[in-house]
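Below you'll find the structure, written out as structure tokens, and then a few comments.
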Amino acid sequence: MEKKQRNAVEPSPLTAAAHRFLYGGLSMGPALKPADVLHVVPCGPEHLAVGDVVVFQPEDGDVAIVHRVIAVDGQWLTTKGDANANRDPMPISWDRIIGKVVYADGEDGKRAVHGGLRGRITASALAAHSAITRGISRLLHRPYRLLAASGVLRLLRSLLPEVRTIAIRRRDGEELHLLLGTKPIGVLPAARSRWLIRRPYRLILDEGGLNRLLVERNKREASGADSGHSSNSG
């Protein structure tokens with residue numbers, strides 16, 4: 001089915017059948033969490049507004065992206081991940097919109113994904129928080145790295161929820177997500193050899209354990225390549 005057909009609404013997006021997507025990123029946290037099942041309603045331009053969270057097909061890739069609409073200019077939308085510092089580099093045309101996210105279903109149950117004015121307020125608050133966090137992060141970068149290397153705070157590990165991983169298949173390989181209980185704290189992108197860990201969680205993590213996960217993933221990838229199997233993205 002073509003994307004334009006999926007965007008058609010008749011008569012309202014609330015009565016259209018919803019698509020389901022498995023979310024596997026970090027760019028829309030904390031509104032969305034890895035392994036959330038997103039319920040996406042097909043809709044046209046008249047049912048989208050600044051602040052809505054949309055799923056779209058980018059021109060330079062074949063994996064759908066979930067981001068928030070931050071500006072509308074005629075037939076073009078500008079989008080941005082709530083947790084990202086910058087907006088997406090390329091505007092999105094209406095016909096690339098798969099639909100609008102109305103709610104997410106995760107380990108903590110079903111929760112609404114707010115758009116419109118409430119979504120704009122949420123995005124603005126997160127942007128301000130991110131800017132402050134980045135400023136503090138630059139000041140504390142060196143002390144943080146030294147403290148992480150010392151391993152002193154790993155003694156607190158037994159007092160915290162279980163650390164676990166979720167593996168998501170992408171077209172270029174397996175992507176690992178690291179969770180502390182239900183909170184996403186890091187990701188090992190497909191075909192990458194370096195974990196991206198949110199601060200301050202590296203202070204309590206076992207670097208040796210993270211490296212073992214990397215080695216295990218690489219072995220699985222090598223085994224899959226040798227057997228000639230391939231898989232689509234989640």
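The values are calculated or read from the model by the stated rules, or taken from the named source; none is laboratory data. As the structure is a prediction and not an experimental result, all values here were calculated from the model. Cβ atoms come from the backbone with ideal geometry, glycine included; neighbour counts cover every protein chain shown.
Here are some notes:
- Top-ranked residue of segment 117-155 - restricted to ones that are among the basic types (Lys, Arg) and in contact (Cβ under 8 Å) with a residue 60 or more places away in the chain, ranked as nearest to GLU207 (Cα to Cα): ARG120
- Selection of segment 172-189 for residues being under 18 Å from ASP105 (Cα atoms) and not in a strand (DSSP E or B) yields GLY181, THR182.
- Just one of the numbered conditions (1) assigned by TED's automatic domain parsing to the domain that holds TRP195; (2) among the β-branched types (Val, Ile, Thr); (3) more than 27 Å from SER193 (Cβ to Cβ) is not true of ILE97: (1).
- Qualifying positions in segment 93-122 - in a strand (DSSP E or B), under 21 Å from LEU179 (Cβ atoms) and either among the aliphatic types (A, V, I, L, M) or in contact with a helix residue (DSSP H, G or I) (Cβ under 6 Å, 6 or more places away or on another chain) (or both): VAL101, ALA104
- For segment 100-115, the set of residues classified as of a type outside the set (Asp, Glu) and either more than 18 Å from VAL63 (Cβ to Cβ) or not assigned by TED's automatic domain parsing to the domain that holds ASP36 (or both) consists of LYS100, VAL102, TYR103, ALA104, GLY106, GLY109, LYS110, ARG111, ALA112, VAL113, HIS114, GLY115, listed by residue number.
- Residues (part of a loop (DSSP other than H, G, I, E, B), more than 23 Å from ARG170 (Cβ to Cβ) and touching an Asp or Glu at 6+ places or on another chain (Cβ under 8 Å)) located in segment 47-92: PRO91
- Exclusive hit being outside the structural domain of MET28 (by TED's automatic domain parsing), surrounded by 13 or more Cβ atoms within 10 Å (Cβ to Cβ), among the charged types (D, E, K, R) and not in a strand (DSSP E or B), set ARG169, ARG199, ARG194: ARG199
- When segment 173-185 is limited to residues that are touching a helix residue (DSSP H, G or I) at 6+ places or on another chain (Cβ under 7 Å) and within 18 Å of LEU160 (Cα to Cα), the one that is surrounded by the fewest Cβ atoms within 10 Å (Cβ to Cβ) turns out to be LEU180.
- Where LEU139 falls short, out of the listed (1) at pLDDT below 75; (2) farther than 24 Å from PRO34 by Cα: (1)
- Residues that are of a type outside the set (Gly, Ala, Ser), buried (at least 19 other Cβ atoms within 10 Å of the Cβ) and under 25 Å from LEU180 (Cβ atoms) within segment 24-67 comprise LEU26, MET28, LEU32, LYS33, PRO34, ASP36, LEU38, VAL53, VAL66, HIS67, listed in sequence order.
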